[in-house]
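Below is one structure; the comments refer to it alone.
Please treat every number below as a calculation from the coordinates, not as lab data. Everything numeric in this text was worked out from a predicted model, so none of it was measured. Positions of Cβ are backbone-derived with ideal geometry, glycine not excepted, and every protein chain shown enters the neighbour counts.
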Amino acid sequence: MNSLDSLYQQVILDHAKARHGDGDLPGADASHFERNPTCGDEITVSVRLDPGTDRVVGLAWQGDGCSISMASASVLTDMAVGRTVPELLTLTEAFRTMMRSRGVGEPDEDVLEDLVAFHGVSKFVMRVKCGMLAWVAAEAAVREASAAR
Ligand code: ZN
């Protein structure tokens, strides 16, 4: 497998095409915009929380960018909905740790699920921000939505 293959794993290519969560979120509690100037990726992530449990009941995003950033936003949508805010923040931290690993070590698939596909991306320092962009936006959006209660 050459480095380009490991950079663009099939999971990433599939999600970049499918783009789960790409669209509007009616009744969103908070939205957050993030931009990655080195690559030109832009994204706004919107979230809706259940008022009783602080669980993410809706997440959608609008944006444009490279396959890595779009795939990451799609995986985010699949993984965020149904989690509580603290659970999502913990998962974001685990993803961030992997993305800063520079390809060293074995990611925990039980925790990271489809995000392990981005392990190869962590070797490419310039692309780490592409992978994190949607998650950073979601992190800010859920914090804002949670604080607004
Ligand atoms: Zn990018």
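Looking at segment 84-112 only, could you name the residues that are surrounded by fewer than 16 Cβ atoms within 10 Å (Cβ to Cβ) and farther than 25 Å from Ser146 by Cα?
Correct list: Arg100, Ser101, Arg102, Gly103, Val104, Gly105, Glu106, Asp108, Glu109, Asp110.
Can you list residue pairs whose Cβ atoms sit under 7 Å apart, with the first residue in segment 63-86 being touching a residue at least 12 places away in the same chain (Cβ under 8 Å) and the second being polar (S, T, N, Q) and in a helix (DSSP H, G or I)? Count only pairs 6 or more apart in sequence or on different chains.
Val85/Ser146
So, in segment 120-139, of the ones that are among the aliphatic types (A, V, I, L, M) and buried (at least 17 other Cβ atoms within 10 Å of the Cβ), which residue ends up nearest to the chain's Cα centre (by Cα)? Talk me through it step by step, then tell me what you get.
So in segment 120-139, the residues among the aliphatic types (A, V, I, L, M) come out as 121, 125-126, 128, 132-134, 136-138.
With buried (at least 17 other Cβ atoms within 10 Å of the Cβ) added as a condition, the list becomes 121, 128, 132-134, 136-138.
On the way: Val121: 14, Val128: 12, Met132: 6, Leu133: 7, Ala134: 4, Val136: 7, Ala137: 8, Ala138: 7 Å.
Ranking the qualifying residues of segment 120-139, first place goes to Ala134.
Could you tell me how many of the residues in segment 48-94 are more than 16 Å from the ligand (Cβ to nearest atom) and under 9 Å from the mean Cα position of the chain (by Cα)?
Selection size over segment 48-94: 4.
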